[in-house]
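A.B. asks: The following block contains the structure, expressed as structure tokens.
The values are calculated or read from the model by the stated rules, or taken from the named source; none is laboratory data. Keep in mind that what you see is a predicted model, and the values were worked out from it rather than measured. Note that we place each Cβ from the backbone using ideal geometry, even for glycine, and neighbour counts take in every protein chain shown. To get the accessible areas, we keep the full protein, side chains included, count just its heavy atoms, and leave off ligands, DNA and RNA. Shrake-Rupley method; radii C 1.70, N 1.55, O 1.52, S 1.80 Å.
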Amino acid sequence: MAEIRRLAIRFEPHLVAALALAYFILYSVLSVLRHTTYHSFGPDLGIFDQVFWNTTQGRFFESTMSLVQPQPHSYLADHFSPVYLLLLPFYALIPRPETLLVIQTLFLALGVWPLYLLARLKLEPGFQRLVWALVYFLFLPVAFINLFDFHELALAVLPLGFAIYFLEKGRSGLFLLSLVSTFLVKEEMPLVGVGFGAYILLAKRSWKLGLGVLAGSLAAFFVVIRVIIPAFGGGSYAYFASRFAMRYADLGTTPQEIIRNAFTNPGRLVRLVVQGQKLKFLVGIFGPVLGLTAISGWAAILVLPTLGILLLSNYAPQYAFSSQYSAPLIALVIGTSILGLARLRPSIRGPVAAAVLVSSLAFSFAFGDLPFSRHFDPRLFQSEPRYEAFVHNLDRIPPGASVASENNLTPHLSHRRFIYNLEYQGPENATYLALDDAALNRSTAALQRQIAGFEAIGYRTIATGDGLALMQR
């Protein structure tokens, strides 16, 4: 037994690297298969692929699907994600949706590394450290995010983990570099920096660094949503002001109003948070790690801004561990759980770590999206014969033609300047329509009504298949 422990300690980094490599290979294959078998979606893989492809064609970040706006516009009017500039050279080498899926998988696989380094910094060698590598890949949001198209927030897990690690190691420069790099992922990430600033003030007692991070994070957030995004969109930030996307209407339509109402009307705040689906979300996030974040001291503050963003929303996907919105919590919850375990007496850390592993396995089996999970669906990686028999008809669409297509077909037609998602945008006077009754609950009658409706406005059917149709104006 002692020899096994000695070997485990010696080969710790190699075991973690092997686990990350195995995950990367498996989930690269699965995510690509999900797309190539027509189970990926227009929102969001089609949107991102069009944005990247347009940029390689000289149309910087242009989209005709984001914000449900059919006219060509900058994606930066929707979300602030300059991190894409770092990915563009790799996408340009192989300009395919699959490239984005593999890049995302690589970032998620590498996300384990800073958390393992944190465990090395805080815990005893051997099992106590290695368990967190397993817990990371078992954590419910990881596999779900990986198998749900491509999303920018998945790219934040790796630098957030490094931000926690370098802060605990006392490397202020590398901490700031890691934290600021997350601000380039999406516009709400500076709010996560507010949590870091508060933690530094309360736990580290570093007034200069803490106040700098706090003030800098708030300033970055307001500059992005009040200046940069409106400058590209010609209006207010859509997720506060737009009717279709106003996700915080229960508390207000501006950040200031939301903050004010949160403090002045606690009853409304409690009613907004204490809901069945949101409580289920909290159990799914903190249950696998036995709530160790709660005993991590002031470090627990790190998770509060992200929880606020998710739980105060009235948009259901934001408080579902199966969506991309929970990505920042991967590093924050696991990181603070490691810090919580480190605060326990050395004699009980081992048994608690074992309990965390058992809990993570149980949650992953019951609710996760790993191959052994109860809800894992192999059909999402298998091609339907109807697509194989029909998709050659899509080659009849000229590369420069405008297309409106149903959800499952959109990511396969997104290499064009004008593409619209039929489910959310309608035909938008596109030259070609690609129909799929998967968006109509596989109802033949509903598809025939849809075809008849489009024929009435000037389209004709040029190809049909089992639940599929191609129409031309």
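A.B. asks: In debye to the nearest 20, how big a dipole does region 1-103 give about its Cα centre with +1 on each Lys and Arg Cβ and -1 on each Asp and Glu Cβ?
C.D. replies: Value, rounded to 20: 340 debye.
A.B. asks: What is the sum of charges, Lys and Arg at +1 and Asp and Glu at -1, for the other residues whose Cβ falls under 13 Å from the Cβ of ALA404?
C.D. replies: Computed value for this residue: -2.
A.B. asks: Moving on. How do ARG386, ARG260 rank by accessible surface area computed with a 1.4 Å probe, from largest to smallest?
C.D. replies: ARG260, ARG386
A.B. asks: Taking R0 as 41 Å, what FRET efficiency do you get between LYS280 and ARG343 from their Cβ-Cβ distance, rounded to the nearest 0.05?
C.D. replies: After rounding to 0.05, the efficiency reads 0.90.
A.B. asks: LEU209: net charge of surrounding residues, Cβ under 15 Å, Lys/Arg +1, Asp/Glu -1, itself excluded?
C.D. replies: Around LEU209, the surrounding residues sum to +4.
A.B. asks: Please label the shape of region 155-306 as rounded, prolate or oblate, based on the square roots a ≥ b ≥ c of the eigenvalues of the alpha-carbon gyration tensor (a/c under 1.5 means rounded; beyond that, a/b larger than b/c means prolate, else oblate).
C.D. replies: oblate
A.B. asks: Here is a follow-up. Mind jotting down the three principal axis lengths of the chain based on Cα atoms? Whole angstrom, largest first.
C.D. replies: 74, 53, 43
A.B. asks: Quick check: pseudo-label points 7 Å beyond the Cα along Cα→Cβ at VAL223 and ARG396, how many nm apart are they?
C.D. replies: Reported label-point gap for VAL223 and ARG396 is 5.3 nm.
A.B. asks: How much length is gained on full extension from ALA215 to LEU86, taking 0.36 nm per residue of separation minus their Cα-Cα distance?
C.D. replies: 43.8 nm
A.B. asks: Heavy atoms of the protein only, probe of 1.4 Å, neighbouring chains included. What is the accessible area of ILE94 in Å², nearest 10?
C.D. replies: Rounded to the nearest 10, that gives 100 Å².
A.B. asks: Keeping every protein chain in place, order VAL157, VAL180, VAL273 by accessible area at 1.4 Å, biggest value first, i.e. largest first.
C.D. replies: Listed by decreasing accessible area, they come as VAL180, VAL273, VAL157.
A.B. asks: Viscosity 0.692 mPa s, temperature 37 °C: what is the translational diffusion coefficient of region 18-127 from Stokes-Einstein with a Kirkwood Rh over Cα pairs, rounded to a whole number of µm²/s?
C.D. replies: It diffuses with D of about 208 µm²/s by this estimate.
A.B. asks: With r as the distance between the Cβ atoms of LEU110 and LYS208 and R0 = 35 Å, compute the FRET efficiency 1/(1 + (r/R0)^6) and round to 0.05.
C.D. replies: Here the calculated transfer efficiency is 0.65.
A.B. asks: Moving on. Extent of region 62-143 along each principal axis, from alpha carbon coordinates, in Å, largest to smallest?
C.D. replies: Principal axes ranked by extent give 57, 27, 20 Å for the Cα atoms.
A.B. asks: I would also like to ask the following. With a point put 7 Å past each Cα toward its Cβ, work out how far ARG449 is from LEU174 in nm, to one decimal.
C.D. replies: The two pseudo-label positions are separated by 6.1 nm.
A.B. asks: Taking R0 as 56 Å, what FRET efficiency do you get between ARG386 and ALA231 from their Cβ-Cβ distance, rounded to the nearest 0.05?
C.D. replies: 0.80
A.B. asks: A 25 angstrom limit on the alpha carbon distance is what I want to check against. Which of LYS122/LYS204; LYS208/LYS278; LYS186/LYS278 exceed it?
C.D. replies: Beyond 25 Å: LYS208/LYS278.
A.B. asks: With unit charges on the beta carbon (Lys/Arg positive, Asp/Glu negative), name the residue among PHE150, ALA262, PRO346 whose Cα is farthest towards the positive pole of the charge dipole of the chain.
C.D. replies: Farthest towards the positive end: PRO346.
A.B. asks: Taking N as the number of residues in region 292-361, what is its alpha-carbon radius of gyration divided by 2.2 N^0.38 Å?
C.D. replies: That ratio works out to 1.25.
A.B. asks: Based only on Cα atoms, what mean projected area does the convex hull of region 346-458 have, in nm²?
C.D. replies: It is 11.1 nm².
A.B. asks: Once fully extended, how much extra length lies between LEU26 and THR461, figured as 0.36 nm per residue of separation less the alpha-carbon to alpha-carbon distance?
C.D. replies: Between LEU26 and THR461, full extension yields an extra 152.6 nm.
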